[in-house]
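To keep things clear, I will list the structure first and then write my remarks on it.
The values are calculated or read from the model by the stated rules, or taken from the named source; none is laboratory data. What you see is a predicted model, and the numbers here were worked out from it, not measured in a lab. Here the Cβ positions follow ideal geometry from the backbone for every residue, glycine too, while neighbour counts run over all protein chains shown. The accessibility values were calculated without ligands, DNA or RNA, using every heavy atom of the protein model including side chains. Shrake-Rupley method; radii C 1.70, N 1.55, O 1.52, S 1.80 Å.
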Amino acid sequence: MIILDERNYLKPELESKGFSIFDFFENHQVMDLKTFNALELKRRGEFLLVDTQTILNQPPSAQEGFKAVMNTFLGAVFFHEQSNVKAHEWVQNEAAFLTKIIGEYSLPMPQLNWTMLSNQLQFFWNLLEDQRMLQKHMAQFSVELDQVLQNAEVEMVKAKKIHEMLIPRRTDEIKGVSFTNKYAAGEGGGGEFYDLHQTPSKVFQIMVASQSYLISSALLGILGQHREKDFNPAAFLNDAQAEIETINGAKKKKSEVEVTVLELDLGTLELKLHSANKPELHSQLNGRIELDRDKAYKLSKGEKFIVFSPGFIFNWKEGHPNKNIHDFLKSHEKLNASETLSELFFQLKEGKESQFLTKDATVVVMEVNRHGIHKV
């Protein structure tokens with residue numbers, strides 16, 4: 001509780017009537033108006049007792065400052081002499097605008113008013129005690145929650161490290177086309193995953209990048225369902241988008257998600273894009289490729305074609321903002337797919353103190369066998 005009583009009128013007057021504020025508020029402060037007005041404007045679970053004359057003795061600017069700070073308090077009660085008509089009028093005039101005024105008392109006053117004041121202070125004392133108890137529980141809960149999150153973060157780091165160790169590189173050879181991909185874990189939330197789905201004449205590459213573990217897990221489940229039947233990229237993308245909207249719909253801050261589906265015809269070597277977002281694609285022969293859903297790209301025999309995930313591009317720009325990816329690939333064009341991946345990820349991790357990248361990163365290298373049988 002704070003008492004505004006610059007003329008030392010209020011506290012002696014109350015105690016002379018046998019009414020001790022110590023019975024209700026052990027931790028109280030007596031302030032002058034200048035100190036009070038210098039308090040930060042923030043919500044307070046505190047009660048205010050005011051000698052109205054303290055306010056009237058100050059210039060209008062100080063009175064306006066008082067009003068602003070007072071409205072951040074839990075409540076305020078004003079006191080003044082019965083003969084002080086000006087003080088009474090000031091409270092009455094301000095009561096409609098200062099929402100925290102809960103009482104006005106003129107001294108001396110009858111016993112009934114003392115009882116009413118006592119009941120008011122007792123009510124606010126109990127309210128403050130309840131708030132203090134709640135704050136104590138919230139503080140304890142915050143400590144426990146921090147510990148849980150720290151433990152979860154440690155376990156997530158372990159899981160990501162194991163994941164990175166178990167699948168550092170994967171190679172699939174499908175009808176004269178090799179698919180080699182590498183993944184590296186990042187510190188950020190969510191993650192990336194990459195998968196291949198093969199049909200008799202086509203290979204579908206599915207890459208998902210999300211800020212949400214929940215969305216990533218949900219999309220993995222949807223992909224599993226679609227792999228069990230004839231894979232239809234449009235149907236998979238529709239189900240994936242519906243799931244993303246459902247999960248994001250309940251969140252104030254929406255998670256960014258990119259779902260990429262690339263279709264490679266194993267006979268014609270035509271590469272098609274089915275998703276709305278455009279992935280970063282590079283050919284060591286032709287540079288960066290702008291692929292969209294209305295135009296296919298035809299791979300050549302012996303060509304290395306590289307797909308970069310959103311996370312890889314983010315990490316590359318963060319660590320090498322002035323280095324062009326295609327120039328780098330061109331200068332390393334004699335490397336095989338595995339060596340190319342190793343060199344790319346070495347560049348990402350070079351100079352980083354953390355064992356992880358900032359975000360998950362995935363790169364896929366497609367290479368067409370020079371001696372494979374494909375339609376011309």
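Some points to look at:
- Ranked by how many other beta carbons lie within 10 Å on average, peptides 337-345, 247-255 from highest: 337-345, 247-255
- Mean separation of Cα contacts under 8 Å (6+ apart) over length of region 286-376, as relative contact order %: 53
- Think of it as helices only: each DSSP H run of n ≥ 4 in the chain is worth -39500 (n - 2.57), and spread over all residues that comes to -13500 deg cm²/dmol at 222 nm.
- About the centre of its Cα atoms, region 227-376 shows a dipole size close to 200 debye [charges on the beta carbon of Lys, Arg (+1) and Asp, Glu (-1) only; nearest 20 debye].
- FRET efficiency, 1/(1 + (r/R0)^6) with R0 51 Å, evaluated for VAL148 and THR268 via beta carbons: 0.40
- Taking other residues whose beta carbon is less than 14 angstrom from the beta carbon of GLU353, and scoring Lys, Arg as +1 and Asp, Glu as -1, yields -1.
- Of GLN147, GLN284, GLN122, the residue with the greatest mean-square motion in the GNM of the chain, using alpha carbon springs below 10 Å, is GLN122.
- Scattering from region 191-247 was approximated by placing one identical point on each alpha carbon and applying the Debye formula without solvent; log10 I(q)/I(0) at 0.16, 0.20, 0.21 1/Å stands at -0.46, -0.71, -0.78.
- Neighbourhood charge, 10 Å Cβ-Cβ cut-off, centred on LYS67 and excluding it, Lys, Arg +1 and Asp, Glu -1: -1
- Percent of beta bridges antiparallel (DSSP, the chain, rounded to nearest 5): 75
- Carbon and sulfur %, accessible surface of the chain computed with the full protein complex present, 1.4 Å: 52
- Using a Gaussian network model of the chain in which every pair of alpha carbons under 10 angstrom is joined by a spring, one finds that among LYS42, LYS323, LYS349 the greatest mean-square fluctuation is at LYS42.
- For region 67-112, the list of chymotrypsin sites (Phe, Trp or Tyr not before Pro) that fall in a loop by DSSP and count at most 14 other C-beta atoms within 10 angstrom reads PHE97.
- Each eigenvalue of the Cα gyration tensor of region 217-346, multiplied by 5 and square-rooted, gives one semi-axis; in descending order these are 29, 21, 13 Å.
- Using alpha-carbon coordinates, inclination of helix 111-166 to the longest axis of the chain, degrees: 20
- Charged neighbours of LYS334, selected by a Cβ distance under 12 Å, balance to -1 (K, R count +1; D, E count -1).
- Computed over the chain with a Gaussian network model linking Cα atoms closer than 10 Å, the most mobile of ALA184, ALA87, ALA242 is ALA87.
- For Kirkwood radius over Cα pairs in Å, calculated from these coordinates, the label among (i) 23.6; (ii) 25.3; (iii) 26.8: (iii)
- Counting only lysines at least 8 places from LYS301 when in the same chain, those with an alpha carbon closer than 20 Å to its own are LYS175, LYS202, LYS272, LYS330, LYS334, LYS375.
- Rolling a 1.4 Å probe over the protein heavy atoms gives the chain an accessible area of 54 Å² per residue.
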